[in-house]
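Encoded as C-alpha cells, the structure appears first; notes follow it.
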Amino acid sequence: MRIAFTFNVKPGAPASDAGDRYAEWDEEETIAAVDAALSRVGEVVRVEATGDLPMRLHDVRPDIVFNIAEGLSGPNREAHVPAICEFWSTPYTGSDSLTMSLCLDKGRTKEVLAHHGIATAPFSVVGGAEELDGFAAWPAIVKPVHEGSSMGITRASYCTSAEEARREITGVRARYGQPAIGQRFGGPRPANRRGQLRRPAQGRTPDLLVRGEVGLGQAGRAPRHLPLPGPGLVRARGPDRADGAGGLPRAALP
C-alpha cells in the first residue's frame, strides 16, 4: 500500500516577527515518528503541504493519504488537502473538507451545536470593537474566530468588562486581520474531536472519533495533544465501517 503523508513542518528558524503563525505546524521529530509508524503498513511518500501539493498528490497516486497538514493560509486552509483528495477521488484520513472548514470557524461551529441542542457558551462574533454592544457574558475570552491550537490566546484574552474586551478585539483585528469571537469563560476543558478514516464523496459519518485536548505543558515547550478521560473511540457500525466490507483495510487504522 502506498501512503502519501501530508504535513506542514515548522521552519527551522522562523522570522522574529512570526509570532504564533506556525503554532499549528509540526516539528520534524513528530513528522519522523508518524512516518516511521506508517512505514510498518506500507510505502510512505512524504508530501509537504506547499504550493505544489495538488500535482504532487496526482503524480504519487497513493492508495490513501494520511493527512495532518494544517494548510498555508485562509479560513479554509485545513480543508485544502481533503478537498484536493476529493477532487482526485483519493481516500484520506481525517474529517472531510466541509467539516474542516466549519470547525475552523468558531462562530459557525457554535451555531451548529446550538441548533442541535448541544450546550455551548454564550458568544458573539464581532468584526470590530464597535460591534460589541449588547454582549454581557462576563468574564469572557476574546480570541480570533479562525485560528486553532490556542493561537491568539494570552492573559489579555481573559476580559472582565466591555472595555477590556474592546481593547482585545482591536488587538485581534490588528494581529490576525480577522473577526474576534467573545464567549463566556468557564465550563468544560477545550477538546479536539477528530474523525478518522473518512473516505471522500460518500456522505458517511467518520469511522473513528478521537477525543483529546491540547496540553500547553511548561513554558517554552510546544503544545501536544493529550487523550481525555472517558470513551476514547467511537466506531461507526454497519457495512461501511473502516474494518468491514466496503471500508478501508484494517492495516490503515492508526
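The values are calculated or read from the model by the stated rules, or taken from the named source; none is laboratory data. Remember, it's a predicted structure, so these values are computed and weren't measured experimentally. Don't worry about glycine lacking a Cβ; one is built from the backbone with ideal geometry, like all the others, and counts go over all protein chains shown.
Look at HIS80 and say whether it is modelled with pLDDT of 95 or more and either on the phi < 0 side of the Ramachandran plot or out of contact with any helix residue (DSSP H, G or I) (no Cβ under 9 Å at 6 or more places or on another chain) (or both).
yes
What number of residues within segment 27-83 are under 17 Å from the mean Cα position of the chain (by Cα), touching a residue at least 12 places away in the same chain (Cβ under 8 Å) and over 12 Å from VAL9 (Cβ atoms)?
14
So which of ALA137, ALA165 ends up being hydrophobic (A, V, I, L, M, F, W, C), within 24 Å of ASP20 (Cβ to Cβ) and either surrounded by 20 or more Cβ atoms within 10 Å (Cβ to Cβ) or more than 19 Å from the chain's Cα centre (by Cα) (or both)?
ALA165
What single numbered condition from (1) touching a strand residue (DSSP E or B) at 6+ places or on another chain (Cβ under 7 Å); (2) over 30 Å from SER150 (Cβ atoms); (3) surrounded by fewer than 18 Cβ atoms within 10 Å (Cβ to Cβ); (4) of a type outside the set (Lys, Arg) fails to hold for ASP35?
The number of the failed condition is (2).
Residues are listed down the side, and each one gets a yes or a no for (1) loosely packed, with under 14 Cβ neighbours inside 10 Å; (2) at pLDDT 95 or above:
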position: ARG2; (1), (2): yes, yes
position: ASP17; (1), (2): yes, no
position: ARG40; (1), (2): yes, yes
position: VAL47; (1), (2): no, yes
position: PRO62; (1), (2): no, yes
position: PHE66; (1), (2): no, yes
position: GLY71; (1), (2): no, no
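Scan SER149, SER157 and give me the residue that is outside the structural domain of LEU72 (by TED's automatic domain parsing), on the phi > 0 side of the Ramachandran plot, hydroxyl-bearing (Ser, Thr, Tyr) and surrounded by 13 or more Cβ atoms within 10 Å (Cβ to Cβ).
SER149
Check GLU213 against each of (1) in a loop (DSSP other than H, G, I, E, B); (2) modelled with pLDDT under 80 and name the one condition it does not meet.
(1)
Kindly indicate which of THR99, THR109 is free of Cβ contacts under 8 Å to residues at least 24 places away in the same chain and either on the phi < 0 side of the Ramachandran plot or touching a Leu at 6+ places or on another chain (Cβ under 6 Å) (or both).
So the residue among THR99, THR109 that is free of Cβ contacts under 8 Å to residues at least 24 places away in the same chain and either on the phi < 0 side of the Ramachandran plot or touching a Leu at 6+ places or on another chain (Cβ under 6 Å) (or both) is THR109.
List the strands (runs of 3 or more DSSP E) inside segment 120-203, counting only whole elements, that have at least 3 residues being at pLDDT below 90. Quick ask: steps written out before the conclusion?
Numbers: elements: 123-126, 140-144, 180-184, 192-196.
Once the strands (runs of 3 or more DSSP E) in segment 120-203 are filtered for at least 3 residues that are at pLDDT below 90, what remains is 192-196.
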